[in-house]
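Colleague: I have a structure I would like to understand better, so I am pasting it below and will then ask my questions one at a time.
The values are calculated or read from the model by the stated rules, or taken from the named source; none is laboratory data. Values in this document were obtained by computation on a predicted structure and should not be read as measured data. Cβ atoms come from the backbone with ideal geometry, glycine included; neighbour counts cover every protein chain shown.
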Amino acid sequence: MRILGFVFAIAVFGQEAFQVGSLPAERVVVYQGGYFPRLGALPSGELLAFFKTGAAHIGKGGRASMSRSADGGRTWSEPVTVFDRPNADDGIVASGIARDGSVMVAAVSYTWNGDRYTTEGWIARTWFQRSRDGGRTWSEPVEVNVKPLDWAYPFGHILEEPDGSLLLSGYGGPLPITPERPQASFVVRSRDGGKTWGDLVRIAPGHNEITMAKRRDGSILAMMRTVDGARLNASISGDGGRTWSAPAQVTQDREHPADLLRLANGDLLLTFGQRNKPFGVQAMRSRDDGATWERDSRVVLAFDGDHSDLGYPVTIERRDGRLVTVYYIVYGERDSEGLKGIASKNAFTKAIIWTPPRSWKH
């Protein structure tokens, strides 16, 4: 573990400039070789981090693993496998904590013909699991019905509605994948605690990695990555995810994917990967439920990347008001397709423990 000191600076991306103030934080390594993390806080305060292990960026040895922290993110246990299907690349990429304290996760399992990655025989399936004992044991995986889509990749937060129904977000589309048949972000619903799923609603074509958060009035805010430009767009549903507003731009190109968190003071926190220099993770807040974002007072949480293979942050708020953000980063040499195993050696899942700047206080 080491302490970070963020110095005052001015950063400029395209036509957008913002200030970065002094923000001390703690940085720890959760696991070397972990990708695409998720993070949850149990009612006890214990933290659970999920990430893919066992393979590089893409690889049939990938499995969904979990580590836990009993000290607010400072130290982490050795990972254990939660989900692993044979001959497939697996990872937990959506999660949530239900009102009864149970842990909900959704895993993607995708595969293809042969060992080297190809689109031939490619298929992605979504699975749901639940733990009622803090992640020590898990229910049998249930495949999520994503009809009429041919493939689906879950992503983001699993929300529990006031009536007890569950909403799972993700993205998917038809096969074969062609420009004329675009992928789209979606939400799918369960009315029996995750035993069965259906009623899929497409949110927006041309969008993929997505996260959701409840607004104060009960509506749902979704933040989605665009296929073209890789920026974040927002959409709102006022009827429980059945219909959605037209997407509106929030970030610049190559700033993705998003995580949304309702802070204890009522603000919304947006954390996202920064794929422009300085490569890393950044955050900004909204005081009006996502109608506007304070772009000129964004916070740089990590700037330790030497290229864009990083990000996928997720943040929780501890009982003491400090925030914990997990993300992954690949250093040095990399294989963009993740086939040679280089990236798995240089990949790290990290945690940043930080306090919101004083300027964010009401």
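Colleague: Tell me which of these Tyr110 doesn't satisfy, since it passes every other one: (1) within 15 Å of Tyr171 (Cα to Cα); (2) touching a Ser or Thr at 6+ places or on another chain (Cβ under 9 Å); (3) surrounded by 15 or more Cβ atoms within 10 Å (Cβ to Cβ).
Modeller: (2)
Colleague: For segment 84-110, what are the residues that are in contact (Cβ under 8 Å) with a residue 40 or more places away in the chain, in a strand (DSSP E or B) and of a type outside the set (Val, Ile, Thr)?
Modeller: Scanning segment 84-110 gives Gly91, Ala94, Ser95, Gly96, Met104, Ala106, Ala107, Tyr110.
Colleague: Pairs, please: C-beta under 8 Å, at least 6 apart or cross-chain, first residue closer than 17 Å to Pro43 by Cα and in segment 62-78, second among the basic types (Lys, Arg)?
Modeller: Taking only residues 6 or more apart or on different chains, the pairs are Gly72/Arg318; Gly72/Arg322; Gly73/Arg318.
Colleague: In this structure, is Gly240 buried (at least 17 other Cβ atoms within 10 Å of the Cβ) and over 19 Å from the mean Cα position of the chain (by Cα)? Step through it out loud before you land on a result.
Modeller: Details: buried (at least 17 other Cβ atoms within 10 Å of the Cβ): yes; over 19 Å from the mean Cα position of the chain (by Cα): yes.
Yes: the conditions hold for Gly240.
Colleague: Within segment 331-343, can one find any residue that is at pLDDT 95 or above and surrounded by 15 or more Cβ atoms within 10 Å (Cβ to Cβ)?
Modeller: No; the residues of segment 331-343 include none that is at pLDDT 95 or above and surrounded by 15 or more Cβ atoms within 10 Å (Cβ to Cβ).
Colleague: So which of Arg99, Arg68 is at pLDDT 95 or above, touching a Leu at 6+ places or on another chain (Cβ under 8 Å), charged (D, E, K, R) and at negative phi?
Modeller: When all the criteria are applied, what remains is Arg68.
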